[in-house]
Amino acid sequence: MTLIGRTRARGVETLTLDSPANRNALSAALVGELADALADCGKDGDVRAIVLTHTGNTFCAGADLRDPPDPDALVGLLRQIVELPKPVVARVTGHVRAGGLGLLGACDIAVASGEATFAFTEVRIGAAPAVISLPLLPRTDPRALARHYLTGERFDAAEATRIGLITATGDDADDVLEPILDGLRRSAPQALAETKRLLTAKVLRTFDRDAAELTALSARMFASADAREGMTAFLERRDPPWVL
């Protein structure tokens, strides 16, 4: 059973997260399949750009707590999106939580419909948004990110756009996406690759400097007693004991 759907239209490859059983959570299997699909697109001269989207009402629920990916594998996936010599555009029409926001941060462009919602929920289960900070910290508003990291509050697409998490939003994500894809189709492939390198240089420096430290932090936090209790409470649909 494949977890990544693939279609192509006029040089744009659409990769669809299709794991409804866990709301497209980042399982080890999904991370591996997505990495393979992106690698294929990177080598295919007929692919001008990639759209990353989803089935169902959730773009990505974050890490799969029952089958989490290795932190190094998640770092590798995020870096792969940033380094891919072709634009990667996220199309969101549903909920995005925790690790799923790292995917948005890694993409070059991200659009969302009005029904999309977002939340950095790590602190509520005793963890920290460590690895996903690699693409997010260089690209989003630091004061807003502090609030959302520290509180785990849910916020809407307008706020996501204001803080730089999303490029643009509208009632219909496809209407927002249409002129973006038209522009990419009109652009020379080598020019796109070199322009993307200009835009991602700061993000890649963050990976080079901080990836090892944040990977270790992620592993340490997820192995902590608080995280074990937080994940158990989440799966049992109850509050963890630190909730006041």
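At a glance:
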{"read-out": "Residues that are among the charged types (D, E, K, R), without any contact (Cβ under 8 Å) to a residue 24 or more places away in the chain and assigned to a helix (DSSP H, G or I), drawn from the stretch 171-196", "value": "Asp175, Glu178, Asp182, Glu194"}
{"read-out": "Matching entry among Leu65, Leu52, Leu104 (being within 12 Å of the chain's Cα centre (by Cα) and closer than 22 Å to Thr151 by Cα)", "value": "Leu104"}
{"read-out": "Unmet requirement for Ala233, which otherwise passes all of (1) within 17 Å of the chain's Cα centre (by Cα); (2) touching a residue at least 60 places away in the same chain (Cβ under 8 Å)", "value": "(1)"}
{"read-out": "Cross-chain or 6+ apart pairs with Cβ under 6 Å, the stretch 33-62 first and farther than 19 Å from Ala193 by Cβ and β-branched (Val, Ile, Thr), then open to solvent by 20 Å² or more (accessible area, probe 1.4 Å) and assigned to a loop (DSSP other than H, G, I, E, B)", "value": "Thr55/Asp18; Thr58/Arg23"}
{"read-out": "Ile132 more than 26 Å from Pro240 (Cβ to Cβ), within 14 Å of the chain's Cα centre (by Cα) and at pLDDT 95 or above", "value": "no"}
{"read-out": "Answer residue from the stretch 209-221, given it is surrounded by 11 or more Cβ atoms within 10 Å (Cβ to Cβ) and out of contact with any Leu (no Cβ under 9 Å at 6 or more places or on another chain) and is nearest to Val123 (Cα to Cα) among those", "value": "Met221"}
{"read-out": "Enumerated strands (runs of 3 or more DSSP E) restricted to the stretch 1-114, each holding at least 2 residues that are charged (D, E, K, R) and either open to solvent by less than 50 Å² (accessible area, probe 1.4 Å) or touching a Lys or Arg at 6+ places or on another chain (Cβ under 6 Å) (or both)", "value": "none"}
{"read-out": "The stretch 84-129: number of residues that are among the aliphatic types (A, V, I, L, M) and under 18 Å from Gly170 (Cβ atoms)", "value": "10"}
{"read-out": "Yes/no for Pro135 being in a loop (DSSP other than H, G, I, E, B) and in contact with a helix residue (DSSP H, G or I) (Cβ under 9 Å, 6 or more places away or on another chain)", "value": "no"}
{"read-out": "All positions within the stretch 115-131 that are free of Cβ contacts under 8 Å to residues at least 40 places away in the same chain, over 14 Å from Ala61 (Cβ atoms) and buried (at least 24 other Cβ atoms within 10 Å of the Cβ)", "value": "Pro129"}
{"read-out": "From the options Leu165, Leu150, Leu137, residue that is of a type outside the set (S, T, N, Q), at negative phi and surrounded by 19 or more Cβ atoms within 10 Å (Cβ to Cβ)", "value": "Leu165"}
{"read-out": "Filtered residues of the stretch 146-160 (kept if in a helix (DSSP H, G or I) and touching a Phe, Trp or Tyr at 6+ places or on another chain (Cβ under 8 Å))", "value": "His148, Tyr149, Ala157, Glu159, Ala160"}
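The values are calculated or read from the model by the stated rules, or taken from the named source; none is laboratory data. Because the structure is predicted, anything quoted here is derived from the model rather than measured. We place every Cβ from the backbone using ideal geometry, glycine too, and count neighbours over all the protein chains shown. Each accessible area value is taken on the protein alone, full model and side chains, heavy atoms only, with ligands, DNA and RNA left out. Shrake-Rupley method; radii C 1.70, N 1.55, O 1.52, S 1.80 Å.
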